[in-house]
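Have a look at the structure below before the remarks.
The values are calculated or read from the model by the stated rules, or taken from the named source; none is laboratory data. Fair warning: this is a prediction, and the values are worked out from it, not measured in the lab. Positions of Cβ are generated from backbone atoms using ideal geometry, with glycine treated the same way; all protein chains shown enter the neighbour counts.
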Amino acid sequence: MYQVIARKYRPQTFAGLIGQEHVRTTLGNAISQGRIAHGYIFSGQRGTGKTTVARILARCLNCEKGPAAEPCTECVACREIASGGCVDVIEIDAASNRGINEMRELRENVRYRPARDRYKVFIIDEAHQITSEAFNALLKTLEEPPEWVVFVLCTTEAHKIPHTISSRCQQFSFRSVDFTEVVSRMEWICGEEGIKADAETLAVLAQAGDGSVRDSLSALDQAIACCGAELDAGEVRRLLGLFSLDTLGEVTRALEAADSRRLLEIVQELESNGHNLQHFCRELARFFRNLLVTKIAGSGSRLVAASAGELVRLADTAGKFSEPDLTRYLQLTLELYRELQYSLQPRLHMELGLLRLLHAGRIRSIEDLLAGLPSGQPPPPAPPSSRGTPPKPAPVVESKPASAGQPGSLKQRLQASLAETGLTFVADAVEHAEVTESPSQITFTAPKEFLMALRSADLRTAVTKTAGRAVKIVVQAGEAAAAAAAPKPAAAAMAEDEELSRRALSHPEVLHFQEMFPGSQVRTVRNLKQ
Ligand SMILES: Nc1ncnc2c1ncn2[C@@H]1O[C@H](COP(=O)(O)OP(=O)(O)OP(=O)(O)O)[C@@H](O)[C@H]1O
Ligand SMILES: [Mg+2]
Ligand SMILES: [Zn+2]
């Protein structure tokens, strides 16, 4: 009978386990020292070894040569537990009906001594699904456990275990297993099975599991079923709906070249090749995440699950973008992914989403600009984050309100556009509003009396016309022109303020800043000492 790889290669000893070192050593020590608890909670990501370790623990406790930190694997107890045929090791699946019935019998069952072995071990899988009735039964037992009883509660959702139970148990959290360990484990399994798989293919399979050993092994099963004894990375990717760095790199190359047309073509190609756009978006998010981590932590980082060849290419691509760029790309791609989940028009969302990446990349952070300002020298050339020649000029400064009086500022352009179409009262209201812009929305903050005039439909039309893109419009009440509301200072203070302003405005750094933003105006000078 064919046995799936994950089952066939379930580790039989702690030595055969990959990852989870903390669980291994702590449990091993406890058994050697005879300090065995009556309740254990194994929690953590699926497919990382919870049930496996529960069974190994049962064998350690009941092995004829034990209790020992490793089972002998050969005695009757060890063999029976491995095959699931041991009467003293009871596995209950709390997710199935059968589980609930068995939980009802549990209180009865625990009162009797083990039939043959030292301990009666109850392994409760999906323990968070136990009914409250069953939890109560369990609690009574844990309060006064017979010496021979050991419970192991396995769950992916530890927070759903009532505190009354968890406080009486030792808890172990199982971590997702390192990429490299999963790769070498699969390499070994492929060797045993006579399957040919190169490093790239193994990397694809390990990535598909996302830290879950079982998921990676299931992907391997699927790949063998599809490709036979010789696995091909491209085919396996297609099978699993994953994308190569080549394909994902198309997007970064287009961003680098500020080529919006190419971005639209990419969507077209994905569609015509029958790819799922949401899958692509998810992979793109992972790609940006890996680029960002590579940028921050360096290319040797264990935080990136990728083969050696892929790491080199990631580092190369990451070098072409700034950290804030990559952060924005990741954020926008995640937003896009969420949108795609509910979208009836995935293609349009995808196109808009990719174009948004391109526009967002041109935003320069004010910190970047200030950092590049040497005193008394002409402003430095544009930082690498503004690549290519943007079809629309006027860089937008992030996290700064579009300066009110700046000719050609978004606010002014909006006012002009509104006035042009005869909506002078809307233009007037915009005059009194503070206009702030972010990649995905424009916010108008104005005193209450102007809110009526700030109709989002009009604003949206004007924004689409002047900014050349559709973004969310938010209109909110608030103080816009702070200066107007401020109380008039006394004459002396005013003179002093004027002198300070004059000095501030003639400061070389301020002058340089104004050079970088032609036409910008300083709205207020604040005395930080006050
Ligand atoms: N740490 C590990 N080392 C080696 N193999 C592992 C490990 N974790 C999981 N596996 C493989 O995955 C299979 C499933 O593991 P296991 O049943 O222990 O996962 P689990 O954590 O109980 O998952 P679930 O939460 O879905 O029940 C095992 O048979 C084994 O092949
Ligand atoms: Mg399990
Ligand atoms: Zn044994």
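Within the stretch 228-244, which residues are in a helix (DSSP H, G or I) and surrounded by fewer than 19 Cβ atoms within 10 Å (Cβ to Cβ)? Break it down stepwise before answering.
Residues of the stretch 228-244 in a helix (DSSP H, G or I): 233-240.
If the condition is that a residue be in a helix (DSSP H, G or I) and surrounded by fewer than 19 Cβ atoms within 10 Å (Cβ to Cβ), then Gly234, Glu235, Arg238, Leu239, Leu240 are the ones that fit.
Could you say which residue among Glu339, Glu310 is under 22 Å from Val267 (Cα atoms), assigned to a helix (DSSP H, G or I) and of a type in the set (Asp, Glu)? Spell out the reasoning first.
Working: Glu310 fails: under 22 Å from Val267 (Cα atoms).
Criteria check complete, one pass: Glu339.
Please work out if Leu220 is buried (at least 20 other Cβ atoms within 10 Å of the Cβ), in contact with a strand residue (DSSP E or B) (Cβ under 7 Å, 6 or more places away or on another chain) and under 29 Å from Ala285 (Cβ atoms).
Numbers: buried (at least 20 other Cβ atoms within 10 Å of the Cβ): yes; in contact with a strand residue (DSSP E or B) (Cβ under 7 Å, 6 or more places away or on another chain): no; under 29 Å from Ala285 (Cβ atoms): yes.
Answer is no for this residue.
Filter the stretch 399-446 down to the residues that are touching a strand residue (DSSP E or B) at 6+ places or on another chain (Cβ under 7 Å) and assigned to a loop (DSSP other than H, G, I, E, B), then identify the one that is modelled with the highest pLDDT.
My answer is Ala433.
If you check Glu74, Glu64, Glu70, which single one turns out to be in a loop (DSSP other than H, G, I, E, B), over 17 Å from Val121 (Cα atoms) and more than 8 Å from ligand 1 (Cβ to nearest atom)?
Numbers: Glu64 fails: over 17 Å from Val121 (Cα atoms); Glu70 fails: over 17 Å from Val121 (Cα atoms).
Exactly one residue qualifies, and that residue is Glu74.
Hey, can you tell me all the residues within the stretch 342-363 that are part of a helix (DSSP H, G or I) and either among the small types (Gly, Ala, Ser) or in contact with a Phe, Trp or Tyr (Cβ under 7 Å, 6 or more places away or on another chain) (or both)?
Start the filter on the stretch 342-363 by keeping residues that are part of a helix (DSSP H, G or I), which leaves 342, 346-361.
Listed by number, the residues that qualify are Gly353, Leu357, Ala360, Gly361.
Those residues that are within 16 Å of ligand 1 (Cβ to nearest atom) and part of a strand (DSSP E or B), I need them from the stretch 131-157; list them, please. Quick ask: steps written out before the conclusion?
Step one: of the stretch 131-157, the residues within 16 Å of ligand 1 (Cβ to nearest atom) are 151-157.
The answer is Phe151, Val152, Leu153, Cys154, Thr155.
Taking only pairs six or more apart or across chains, which ones have beta-carbon atoms under 6 Å, a first residue in the stretch 259-278 that is farther than 13 Å from His349 by Cα, and a second residue that is assigned to a loop (DSSP other than H, G, I, E, B) and of a type in the set (D, E, K, R)?
Matching pairs, first to second residue: none at all.
What is the residue count in the stretch 1-26 for residues that are within 16 Å of ligand 3 (Cβ to nearest atom) and either crowded, with 18+ Cβ neighbours inside 10 Å or within 13 Å of Ser173 (Cβ to Cβ) (or both)? First the steps, then the outcome.
Looking only at the stretch 1-26, we keep the residues that are within 16 Å of ligand 3 (Cβ to nearest atom), and these are 11-16.
Retained after the next criterion (residues that are either crowded, with 18+ Cβ neighbours inside 10 Å or within 13 Å of Ser173 (Cβ to Cβ) (or both)): 12, 14.
Residues that pass the stated criteria total 2.
Just give me the residues in the stretch 452-475 being in a helix (DSSP H, G or I), within 14 Å of Ala419 (Cα to Cα) and modelled with pLDDT under 85, in sequence order. Before you say what the answer is, go through the steps one by one.
If we filter the stretch 452-475 for residues that are in a helix (DSSP H, G or I), which is where we start, we get 456-467.
Next, only the ones that are within 14 Å of Ala419 (Cα to Cα) stay: 458-459, 461-463, 465-466.
Matches in the stretch 452-475: Lys465, Thr466.
Scanning for something assigned to a helix (DSSP H, G or I), farther than 30 Å from Arg7 by Cβ, among the small types (Gly, Ala, Ser) and modelled with pLDDT under 85, does the stretch 90-104 turn up at least one residue? Please lay out each step first, then the result.
From the stretch 90-104, those assigned to a helix (DSSP H, G or I) are 97-104; that's our starting set.
Next, from what is left, pick out any that are farther than 30 Å from Arg7 by Cβ: none.
For the stretch 90-104, residues assigned to a helix (DSSP H, G or I), farther than 30 Å from Arg7 by Cβ, among the small types (Gly, Ala, Ser) and modelled with pLDDT under 85: absent.
Report every pair of residues separated by at least 6 positions or lying on different chains whose Cβ atoms are under 7 Å apart, first residue within the stretch 434-461 and not assigned by TED's automatic domain parsing to the domain that holds Val475, second surrounded by fewer than 17 Cβ atoms within 10 Å (Cβ to Cβ) and among the charged types (D, E, K, R).
Going by the 7 Å Cβ cut-off, there are no qualifying pairs.
Return yes when Thr52 is in contact (Cβ under 8 Å) with a residue 60 or more places away in the chain, among the polar types (S, T, N, Q) and within 16 Å of ligand 1 (Cβ to nearest atom) and no when it is not. Please lay out each step first, then the result.
Values: in contact (Cβ under 8 Å) with a residue 60 or more places away in the chain: no; among the polar types (S, T, N, Q): yes; within 16 Å of ligand 1 (Cβ to nearest atom): yes.
No: the conditions fail for Thr52.
Provide a single number: the residues in the stretch 1-38 that are within 16 Å of ligand 2 (Cβ to nearest atom) and of a type in the set (Gly, Ala, Ser).
2
Looking at Glu143, Glu126, Glu91 in this structure, which one is more than 37 Å from the chain's Cα centre (by Cα) and surrounded by fewer than 21 Cβ atoms within 10 Å (Cβ to Cβ)? Spell out the reasoning first.
Details: Glu126 fails: more than 37 Å from the chain's Cα centre (by Cα); Glu91 fails: more than 37 Å from the chain's Cα centre (by Cα).
Testing whether each residue is more than 37 Å from the chain's Cα centre (by Cα) and surrounded by fewer than 21 Cβ atoms within 10 Å (Cβ to Cβ) leaves just Glu143.
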